[in-house]
């Protein structure tokens with residue numbers, strides 16, 4: 001455990017503010033990731049080294065394998081002429097994911113308090129909602145709230161923090177009954193923030209999120225409390241749908257119209273659903289001859305241009321953008337089935353770890369493990385419509401929050417076993 005109280009207090013404050021600030025200010029996510037990595041390299045590996053579970057060690061190995069597969073794919077395809085050149089930016093995000101290792105060591109040595117998680121995600125949801133309503137109602141930059149970068153990232157992370165916050169309901173209730181207003185506010189306002197972004201890709205995770213929440217809180221709360229939580233969420237959804245100015249109803253109608261246009265072969269850059277489907281179909285064409293290691297990192301756009309010139313694409317080249325808006329297909333193109341298998345391990349192995357910790361600590365499993373499920377399941381869903389590990393903020397949020405949640409759920413499991 002880190003003994004310097006000033007250093008420790010500063011780190012605790014940074015971690016509490018991280019979820020909110022990373023979502024609202026540019027470079028806060030990357031900056032925090034770098035600081036924690038340096039701290040981890042400085043003190044995290046000193047003896048005695050922290051103890052990690054077998055699953056956590058495998059997860060660290062898969063993060064290393066993820067970058068290794070990308071490097072292997074690039075090297076082989078340059079030698080065979082499939083890939084024109086290797087650029088560092090094509091491996092940047094994959095290298096960032098390796099920071100999970102020093103940050104994981106550092107959090108174990110820091111012994112992160114539970115309050116850091118619950119206050120952090122609750123504050124993140126509250127500030128995201130306040131910002132979204134101010135941005136939407138007063139600044140008037142358009143009906144899709146953007147946050148620090150764009151509506152997709154802001155919407156996904158706000159919804160994730162909202163559902164993570166409500167997992168801390170019992171943490172706050174144990175301290176004072178009035179403090180339950182904190183996670184409820186984070187839950188409500190985080191949901192509102194996501195709604196005002198109009199990011200439909202984020203909303204597809206709500207069914208899974210609610211299922212996890214009911215499994216966690218359904219047996220531990222009174223019916224009135226469960227009704228309050230469900231009512232809070234439904235109020236946010238109903239209000240957003242019924243108020244025309246939010247644009248939520250329009251987003252659903254646009255999705256339906258986009259699908260109808262795609263079925264007719266009418267796909268343009270304004271057809272967000274259609275361009276995704278077109279890009280996904282093109283990805284499958286690309287990897288037919290290179291299933292094992294794909295066509296090489298950074299080769300998606302040049303291949304799209306080449307396919308367009310050869311008349312192999314049914315739509316204009318601009319429809320396909322610079323990435324396919326799907327992390328699974330993006331990795332399949334970059335590094336083939338091998339890379340896709342490693343990616344699936346990175347996303348699904350934490351789900352198994354958190355489920356195992358919940359099973360081992362019944363009848364009172366750690367709330368941090370359920371929050372971990374929200375994070376992991378959320379990213380699995382978000383990856384269907386966005387190249388999540390192609391964005392610095394998505395990488396920083398996943399690495400830092402996953403490290404924290406694994407640390408906290410491991411500490412709770414140890415305490416339960418004693």
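For the peptides 223-235, 169-181, the ranking by mean Cβ contacts within 10 Å, running from highest to lowest, is 169-181, 223-235. For Rg and Dmax of the Cα atoms in Å, computed directly from the structure shown, the correct entry in [x] 21.8, 67; [y] 36.9, 110; [z] 22.2, 76 is [x]. If you run the Gaussian network model on the chain, springs between alpha carbon atoms under 10 Å, then out of 368, 263, 202 the most flexible one is 263.
Neighbour counts of other Cβ atoms within 10 Å put 73, 122, 68 in the fewest-to-most order 68, 73, 122. Computed from the C-beta positions of residue 344 and residue 230, the FRET efficiency with R₀ = 25 Å rounds to 0.20. Mean-square fluctuations from a GNM of the chain, with a 10 angstrom spring cutoff on Cα atoms, peak among 59, 41, 393 at 41.
Give me 261, 288, 309 sorted ascending by neighbouring Cβ count inside 10 Å, so fewest comes first.
On the way: 261 16, 288 7, 309 10.
In increasing order of surrounding Cβ atoms, one gets 288, 309, 261.
Please say if the range 132-222 is rounded, prolate or oblate, where rounded means a/c under 1.5 for a ≥ b ≥ c the square roots of the C-alpha gyration tensor eigenvalues, and otherwise the choice is prolate for a/b larger than b/c and oblate otherwise? Cα axes put the range 132-222 in the oblate bin.
Starting from the Cα gyration tensor of the range 367-406, take the square roots of the eigenvalues, sort them a ≥ b ≥ c, and report rounded, prolate or oblate (rounded when a/c is under 1.5, otherwise prolate if a/b is larger than b/c, else oblate). Mind showing how you got there, number by number?
Values: a/c = 4.14, a/b = 1.47, b/c = 2.81.
Cα axes put the range 367-406 in the oblate bin.
Sort 78, 69 so the one with the fewest other Cβ atoms within 10 Å of its own Cβ comes first.
Result, fewest neighbours first: 78, 69.
Relative contact order of the chain: 22 percent, from C-alpha pairs under 8 Å at least 6 residues apart in sequence. Between residue 223 and residue 268, residue separation times 0.36 nm minus the direct Cα-Cα distance comes to 11.3 nm. By its C-alpha gyration tensor, with a ≥ b ≥ c as the square roots of the eigenvalues, how is the range 1-101 shaped: rounded for a/c under 1.5, else prolate for a/b larger than b/c, else oblate? Judged from the Cα gyration tensor, the range 1-101 comes out oblate (a/c at least 1.5, b/c at or above a/b). Could you work out which residue, out of 129, 311, 390, moves most in a Gaussian network model of the chain, that is, has the largest mean-square fluctuation with Cα springs under 10 Å? Maximum among the listed residues: 311.
Values quoted throughout were computed directly from the atomic coordinates according to the rules given, and no laboratory measurement underlies them. Keep in mind that this is a model prediction, so the values were computed, not measured. So basically every Cβ, Gly included, is an ideal-geometry build from the backbone, and we count neighbours across all protein chains shown.
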